[in-house]
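Student: After the structure tokens below, expect a handful of questions from me.
Read the figures in this text as sums done on the coordinates, not as results from a lab. Treat the numbers as computed from the prediction; the structure is a model and nothing was measured. Ideal geometry is used to build each Cβ from the backbone, glycine not excepted, and the neighbour counts take in all protein chains shown.
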Amino acid sequence: MGNALLTMKEGSKQHRTYLIVTWGLFVLLAIALPYILTSMFGEFQVSRMNRALFLAVAILGLNLVIGYSGLIALGHSAFIGIGAFVTTSLVQDHGWDYWMTIPASMFACFVVGVLLGIPALRIKGLYLALVTVAFASVFPTLAKIDKWTISERTGGVNGRKIDEKVAAPGWIQNILGIDDTPDQQVIYRYFIIAFITGLTFLLVRNLIKSRPGRAIVAIRDNETGAAVSGVNLPLYKVMTFGVSAAFGGLAGMMWAMDRAFVAEQDFTFVLAIDLLVGLVIGGVATLQGGLAGALVVVFVREWTKGLEIPLGFTTIDGGGPLSQAIFGVILIFVTFFAPGGLVSAFRLLKSKLVQVIPQPPEGVTAVAAEAVEEAVV
């Protein structure tokens, strides 16, 4: 047997109990988290958690292209901006509800993503990356164009404020134990954003495990083999770009809903780099990596700003110009000691504690099943 403290067979009663307890603790932590942050650090930390959640959705979309399909795309900051501006315009100018803007924001980004994915049929590697980088770099400038009423929709350099606030009804305030002050309403927005984030992760998980998801992974592993197996390469590549961009639009909607203000300077190429950093640090081609990477980008960066390291002859002040340098050093250490990302390191640690023996497929003989079990253990 293996060296794990707990070994169980997949689908067994022990395994089901383990899953119920694990997910139950995770849900309880997610429910208690805003109250813990509020009591210990203040409501502003809940706002940062909201930012981490919608960045996790955007990283998840980026992961579809880079991690699961093997293509290179670095322009998702623009998709977040498109989703945010579409939401702002529909809510502020046309009186839509935030929930109503979800399909509109995702569809707008899906169309742009499909158009951006067409070059992926002809170019690959760094050349494709340059196309997406150019799109992300030029987007803030496009948002300030006076023609075709673009600047009226986006607010130009001044941005746009959304008058409609996301406020909890009285009965929900009683359930959550909050009042109608803006500082307390951020907790209500947290639960909305966390709910949307959870549904998004569940949707992507099912997509990856579906037949189209397996086709996407096959393209990443071996394009020639995937084509021989009957995978329509042009269709899946373009659709992957479109779906990935749609999740970026969803993140933009969540951004606008939480902040009630959007401006073009929020969606520069720096945001695209943050998404890429979050993807690599969290773990490429992992679902949980999006959330882990977003938490690092949001919270660790803010933590380094208040960090002071005395060296005897001098003190490194994170609040000064060395803030980004300290954050960069931390990222180097993470990539050095966990080259597969935080999720990979966590899985390695988990394998030392808990080991699940996969259930053999139907029709496999007892001898073969025992061989599989021995190989895993």
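Student: So, in Å, what gap is there between the alpha-carbon centers of segment 47-88 and segment 202-251?
Tutor: Here the answer is 17 Å between Cα centres.
Student: Name the residue from Gln184, Ile162, Pro358 whose Cα lies farthest towards the positive end of the charge dipole of the chain, charges +1 on Cβ of Lys and Arg and -1 on Cβ of Asp and Glu.
Tutor: Pro358
Student: Find out how many positive minus negative residues lie around Ser47, taking Lys and Arg as positive, Asp and Glu as negative, among other residues whose Cβ is under 9 Å from that of Ser47.
Tutor: +2
Student: Along the charge dipole of the chain, pointing to its positive end and built from +1/-1 on Cβ of Lys, Arg, Asp and Glu, which listed residue (Leu53, Gly248, Phe299) has its Cα farthest out?
Tutor: Farthest towards the positive pole: Gly248.
Student: Among Ile66, Val27, Asn232, whose Cα lies farthest out toward the positive end of the dipole of the chain, if unit charges sit on the beta carbon of Lys, Arg (+1) and Asp, Glu (-1)?
Tutor: Asn232
Student: Go ahead and set up a Gaussian network model of the chain, Cα springs under 10 Å, then flag whichever of Leu130, Leu307, Leu74 fluctuates most.
Tutor: It is Leu307.
Student: Give the shape of segment 42-267 as rounded, prolate or oblate, defined through the alpha-carbon gyration tensor: a ≥ b ≥ c are the square roots of its eigenvalues, a/c under 1.5 means rounded, and otherwise the shape is prolate if a/b is larger than b/c and oblate if not.
Tutor: Since a/c reaches 1.5 but b/c is at least a/b, the shape of segment 42-267 is classed as oblate.
Student: For a quick check: with amide H placed at 1.01 Å from N, whose amide H comes under 5 Å from Ile357's, ignoring anything fewer than 5 positions away on the same chain?
Tutor: Met8, Lys9, Glu10
Student: Would you give the gap between the C-alpha center of segment 97-166 and the C-alpha center of segment 265-282, rounded to a whole Å?
Tutor: Each part reduced to its Cα centre gives a spacing of 16 Å.
Student: Further question on the same structure: Quick check on packing: order 79-85, 42-48, 131-137 by the mean number of other C-beta atoms within 10 Å, highest mean leading.
Tutor: 79-85, 131-137, 42-48
Student: Provide the net charge surrounding Val354, with neighbours chosen by a C-beta distance below 13 Å and charges set as Lys +1, Arg +1, Asp -1, Glu -1.
Tutor: Here the count lands on +3.
Student: Placing +1 at every Lys and Arg Cβ and -1 at every Asp and Glu Cβ, with all other atoms neutral, what dipole size does the chain have around its Cα centre, in debye to the nearest 20?
Tutor: Rounded to the nearest 20 debye, it is 720 debye.
Student: In a GNM of the chain with a 10 Å cut-off on Cα contacts, which of Thr286, Thr141, Thr88 has the highest mean-square fluctuation?
Tutor: Ranking Thr286, Thr141, Thr88 by mean-square fluctuation puts Thr141 first.
Student: Here is a follow-up. Grab the other residues whose beta carbon is less than 13 angstrom from that of Leu64, score K and R as +1, D and E as -1, and report the net.
Tutor: Here the count lands on +3.
Student: Okay, moving on. In what sequence do Ser344, Ser210 fall when counting other Cβ within 10 Å, fewest first?
Tutor: Fewest-to-most Cβ neighbours within 10 Å comes out as Ser210, Ser344.
Student: Given the rule -39500 (n - 2.57) for each run of at least 4 DSSP H residues, summed and divided by the residues of the chain, what is its mean residue ellipticity at 222 nm, to the nearest 500 deg cm²/dmol?
Tutor: It lands at -22000 deg cm²/dmol.
Student: Now for a separate question. Using 29 Å as the Cα-Cα cut-off, could you pick out the over-long pairs in Lys144/Lys237; Lys124/Lys144; Lys161/Lys209; Lys209/Lys237; Lys13/Lys352; Lys165/Lys237?
Tutor: Over 29 Å Cα-Cα: Lys144/Lys237; Lys124/Lys144; Lys161/Lys209; Lys165/Lys237.
Student: Using a 10 angstrom cutoff on alpha carbons, build the Gaussian network for the chain and name the most mobile of Ala32, Ala120, Ala104.
Tutor: Of the options given, Ala32 has the highest mean-square fluctuation.
Student: Right, next: Rounded to the nearest 20 debye, what is the charge dipole size of segment 150-303 about its Cα centre when +1 sits on each Lys and Arg Cβ and -1 on each Asp and Glu Cβ?
Tutor: For this selection, approximately 660 debye.
Student: Rounding to the nearest 20 debye, state how big the charge dipole of segment 42-267 is about its Cα centre with +1 on each Lys and Arg Cβ and -1 on each Asp and Glu Cβ.
Tutor: That gives a dipole near 920 debye.
Student: Let me check against my output: what whole-number percent is the relative contact order of segment 42-267, with C-alpha pairs under 8 Å and at least 6 apart?
Tutor: Relative contact order here is 46 percent.
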